[in-house]
Amino acid sequence: RTTMKSLRFISAEAFVSNAEFARKSLGAVAHDLFPLLFKASYLLEQGEMIHDLVENWPLFDFNLGKLLGATLDYQEDLSHRTCSVCLESCLTGLRDYVLNQSSPYMKKLKVVDLTGIKDVEVQLCKCKKTMGRWARTQLLSKLCSDLLVYLQQAQCNPGIFEISINVLIDLFVTERNYELVVQALLKKCSCPLKICCVAFRSDNLTLQKFFYIIKLTDPSLLRKLEIVHNVHLEMEHLEMLFNSIHFPLLMSLTLPARTFNVRRFTATDEQMLTNIGEKMGEMMQLTELSMSFSILTGRMQKLLSPLKTPLKMLDVSNCSLNHADMAFLANSFHANHLEALDLSGHDIPELYPSTFFKLLSHCSSVLRSLTLEDCNIQDTHVNMLIFGLSPCQKLQEFKFIGNPLSSQALKHLFTFFCELPMLKNVEFPVPRDCYPIGITYPIDDASLCRFDHQKYERVAEELNLILLQADREDVKASTPLFGSYDAAVQETNNELGAYLIKSFKETLEKFTTSFNKMS
């Protein structure tokens, strides 16, 4: 599919293609053409041109998401291209904007917004090298630190110190880039480029470091907070966090696995949970909440009823919810607003079929994404599932990996999927009849790949044919056995793996020491 380009855009491409000539001619280019030339340069991966455009940027703001998004001159959205060449040129151009005293343009730039960039699995850029969120955090922090060192050592024009540019970014901090980011945040006041953290994700950090850096980010600006892998945050730490720091603009919160475990609750813990719910209601504007792999049995009302804003996204996968929890969700004011819902890891047909379908009917007019992985949905439940999903006409994504469904049941479902006009992505399970007879669900990791691959390929072809015959090639159907693509995990998997090996080694050493003492 080719996207139409205006004559202006074609001319811009031709201009930036001759990089040497274009760079020399920049001084004569009208201000309002810079955004057009920037998108054309980004599409053609003209790194030097991108650098020079940013270095001489004549406008008050530089919003990367808007510059790369759909425009009248070129409808294609390039904001999902995290091309390393382009983004590095962009950021070094920003540094040189501060240092360049010979630019013919008056320095008007006040705000740079880097938050509109989207990290996706398939990259269309020619260089095939991406710069993910972690690397963007690393590079910007390094450039800010280098800039300060240079300004302290060199004889600079005093005008440089009057430059003040807020750089909005989604920070991603792990043990490996922690020191660099801390230094950049500590010296923010002295640096012309001021890091403004809008979203913050941390993996592989000690609690002490997490608490320290989160205070440096200016939490009053934070809209999204993700505390994900290997940050050992438990309920008492969460209460401490909410008691000591205010997040007035926070709209999205992701908590690590096992933050809550109600099975070992005391009366003090119950009060702590109440306090956390009240704090979330009082000082945040939460519309997205993810608490997967915590044990929250019977506590959904206590945690969610204080919220004053309705949730649009809720992930309570593998949280051991009971009937009371599901009843609360189905009858709460959140139900009519849920656009994304993940209830994976709950035996829905056995525990609360009618309550679940009540919840589904309440959110059906707005629901865009539904995840029901490992929910024990069997062939006998397919007609009921279709009946429940039929009103969900805005559904774009349905994931139901890990359910014991036969090839025949999947064909029945896929015929129904053709009727959902907005559906774009389906993640379906390996059919039960592809596994050996007697396989038990949920399937353990060791048995996950022990299925008849040839038979699976045949069934997958038949399912895709159903979509093709209904003229629904726009629907992508796949079976990611080990979970959906996660850009953040993909980018830092080496560090994550090293951390897990280290943790395993330490646990083994402790066990050996204890065993030796017993001996």
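Report, for the chain, the % of DSSP beta bridges that are antiparallel, rounded to 5.
Values: 2 of 46 bridges.
Rounded to the nearest five, the antiparallel share is 5 percent.
Taking all protein chains together and a probe of 1.4 Å, list VAL426, VAL111 from the most accessible to the least accessible. Let's see the in-between values first.
On the way: VAL426 0, VAL111 55 Å².
Greatest to least solvent exposure: VAL111, VAL426.
If you take the alpha carbon radius of gyration of the chain and divide it by 2.2 N^0.38 Å, what ratio comes out, to two decimals? Please report the intermediate quantities before stating the final value.
Working: Rg = 26.0 Å, N = 519, 2.2 N^0.38 = 23.7 Å.
The chain yields a ratio of 1.10.
Given segment 112-169 reduced to its alpha-carbon atoms as identical point scatterers, what log10 I(q)/I(0) does the Debye formula return at q = 0.30 Å⁻¹?
Results for segment 112-169 at q = 0.30 Å⁻¹ read -1.29.
How much accessible area per residue does the chain have, in Å², with a 1.4 Å probe?
Each residue of the chain exposes 48 Å² on average to a 1.4 Å probe.
Can you tell me the order of 284-292, 67-75, 4-12 when each peptide is scored by its average per-residue count of other Cβ atoms within 10 angstrom, highest first? Intermediate results must be reported in sequence, preceding the final value.
Details: 284-292: 19.6, 67-75: 17.1, 4-12: 15.3.
The most tightly packed comes first, giving 284-292, 67-75, 4-12.
Heavy atoms only, probe 1.4 angstrom, no DNA, RNA or ligands counted: give me LYS209, LYS358 ranked by accessible area, highest first. Could you put the intermediate results ahead of the total?
Values: LYS209 50, LYS358 85 Å².
The ranking, largest first, comes out as LYS358, LYS209.
Past the 30 Å Cα-Cα mark, which pairs from LYS126/LYS476; LYS142/LYS476; LYS302/LYS411?
LYS142/LYS476; LYS302/LYS411, as the Cα separations exceed 30 Å there.
Tell me the GluC sites (Glu not before Pro) within segment 92-200 that lie in a loop according to DSSP and have at most 12 other beta-carbon atoms within 10 Å. Present the calculation step by step, with values, prior to reporting the outcome.
On the way: sites: GLU121, GLU162, GLU175, GLU179; in loops: GLU121, GLU175.
Passing both the DSSP loop test and the Cβ count: GLU121.
Where does the charge balance sit around LYS107 when Lys and Arg score +1, Asp and Glu -1, over other residues with C-beta under 14 Å from its C-beta?
Combined, the nearby Lys, Arg, Asp and Glu give -1.
So, with a 1.4 angstrom probe, what is the percent of accessible area on the chain that is carbon and sulfur?
Details: 13660 of 24710 Å².
For the chain, the apolar C and S fraction of the accessible surface comes to 55 percent.
Computed from the mean reciprocal separation of all distinct C-alpha pairs, what Kirkwood hydrodynamic radius does segment 200-486 have, in Å?
Averaging 1/r across every pair of different Cα atoms and inverting gives 20.2 Å.
The values are calculated or read from the model by the stated rules, or taken from the named source; none is laboratory data. Since the structure is predicted, the reported quantities are computational estimates derived from the model, not experimental observations. Neighbour counts are summed over all protein chains in view; Cβ atoms, including those assigned to glycine, are modelled from backbone coordinates with ideal geometry. Remember, those area values only see protein heavy atoms, side chains included, never the ligands or the DNA or RNA. Shrake-Rupley method; radii C 1.70, N 1.55, O 1.52, S 1.80 Å.
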